[in-house]
Amino acid sequence: MNKKFFLFIAALLITLLTYITSENVSYESQKDLITLLQNTSLMIFTVLGLWIAYAYPKTKSEGKELKELIKQEVPDKNINEKLLISEFEDKYKELSLLLFALTLSAIVLGVLLFGVFLKSILLSSDYALYASKPFIKFICTYILYGLVLIQGAAIYLVVIKNVNYTIELKNDLASLKNISKSKRK
C-alpha cells in the first residue's frame, strides 16, 4: 500500500475519531494516555539505544574494512565485492530503520513535553477559559491521537526489526546445520 495513501487514511480516521470524541474528552481523562505514550517512548529509547549502541560501531568498522578491500590495488579474486556491498547496504537499511523508529519516539516525547508545558502555563493563567473551547480541545485531542499513531508506528518498526533478526538467526542456524551435515558425509 502506498505510504501517502496510508497516511491520508490515518489522518482521516484520526480526524473522524477526534470529531466524535473531542467534546466528551477531558484533560484529566487523557492523563493515562499521555503517561502511556511517555512510558512507551522511554522503553523504545532504551531498547533501540542499546541496539544502536551495539550495531552502529560494528557496522561502521565493517564499512571501513569494505572500503579497504575495494581500494586494494591487487583485488582478491575470492572476494565478491558486489555481495559485500549488498550485505553492507542491508545493514545500513536496518540501522536506518532503527534510527527512524527512535526518531518517531523522540518526536512523540518532544510533543508531549511541549504539550504538558503549554498545558501547565495555560491552565494556571487567565487563558484557562480558552483551553476549554471546542476548537482547542479538538486540536489537542487530534494531536494526542496522532501521537498514538506515530508511537504505534515506532512500536511496529521495533517489532518488525526483532522478527527479521530472529528470522535471520534461524536461517543462519539452518545454514550452519547444512554445512555441518555436508562435512560429515
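Residues in the chain average 75 Å² of solvent-accessible surface per residue, probe 1.4 Å, ligands and nucleic acids excluded. Could you tell me which residue out of L97, L169, S26 lies farthest along the dipole of the chain toward its positive end? Charges go on the beta carbon: Lys and Arg +1, Asp and Glu -1, centred on the Cα centre. So the residue furthest toward the plus end is L169.
To the nearest ten degrees, helix 81-123 and the longest principal axis of the Cα atoms of the chain are 20 degrees apart.
Loop-located chymotrypsin sites (Phe, Trp or Tyr not before Pro) in region 1-36 (DSSP state other than H, G, I, E, B) with a sparse environment of at most 16 neighbouring Cβ atoms within 10 Å: Y27. Compared with the dominant principal axis of the Cα atoms in the chain, helix 3-21 is inclined by about 30°. Distance cut-off 19 Å, Cα to Cα: go down the list K3/K137; K64/K91; K60/K91; K67/K170 and report the pairs above it. Too far apart for the 19 Å limit: K3/K137; K67/K170.
Counting only alpha carbon atoms, the long axis of helix 31-71 and the longest principal axis of the chain meet at about 30°.
Computed extension gain for T166 through M43, at 0.36 nm per residue and net of the alpha carbon distance, reaches 42.3 nm.
Computed from backbone phi, the HN-Hα couplings of region 164-175 come to 4, 4, 5, 5, 4, 5, 4, 5, 4, 5, 4, 5 Hz, rounded to whole numbers (Karplus: 6.51 cos²θ - 1.76 cosθ + 1.60, θ = phi - 60°; Gly and Pro given as x).
Once you have a ≥ b ≥ c as the square roots of the Cα gyration tensor eigenvalues for region 1-64, tell me rounded if a/c is under 1.5, and otherwise prolate or oblate according to whether a/b is larger than b/c. Oblate, since a/c reaches 1.5 and b/c is not below a/b. About its Cα centre, the dipole of the chain is roughly 700 debye, where the only charges are +1 on Lys and Arg Cβ and -1 on Asp and Glu Cβ.
The values are calculated or read from the model by the stated rules, or taken from the named source; none is laboratory data. The shown structure was predicted, so the numbers you read here are calculated from the model rather than taken from an experiment. Heads up, the Cβs are rebuilt from the backbone with ideal geometry, glycines too, and the neighbour counts pull from every protein chain shown. Ligands, DNA and RNA are excluded from the accessible area calculation, which covers all protein heavy atoms including side chains. Shrake-Rupley method; radii C 1.70, N 1.55, O 1.52, S 1.80 Å.
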